């Protein structure tokens, strides 16, 4: 009777088919619609690990943006953000929270003050409190954006505030010229290619 063959891998066989290199996450579309999926993906990255995030989003709920920023920072993720298309409105906050920010010449970012609204019918007292609360919160979020971009010079901080006040569309070239991101060519990123080259053969 032939001996049964073991299904366990040998010493030279790998049981881990996961690709090496930083985790990669795509933030595409409305932040609010994809909130659960995006948070799950961030939670799937080991705390303190590297992560590359690709942005092509028109924005969404400011609370969702705030949550993404909190998860990224509280878990100590070392993130590289890349704007592959659009990064507008609330999506600018998690991009600004990235440790390294990359843009192409065709990247576009829309800056404007955070917009808060309620879809429910509320009474006058609640409406007054709503207005008071979000007026203060808008100011705090504007300052947070400046802090996330790491604007050490007042001129840079004021530039970001001006963009928000003007509801400004900012190109990748403009963002890089302001020192808030790196302008890259549409060519393979050496660090990502190197990570792929270092994978063991299957």
The stretch 50-114-the stretch 163-178 distance, computed between alpha-carbon centres (Å)
14 Å
Residue-span extension gain [residue 105 to residue 125] - 0.36 nm each, minus C-alpha spacing:
2.4 nm
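Taking every DSSP beta bridge with both residues inside the stretch 23-195, roughly what % is antiparallel (nearest 5)?
15 percent
A short reminder: the numbers here are calculations on the coordinates, not readings from a lab. Note that this is a predicted model, so its numbers are computed, not measured.
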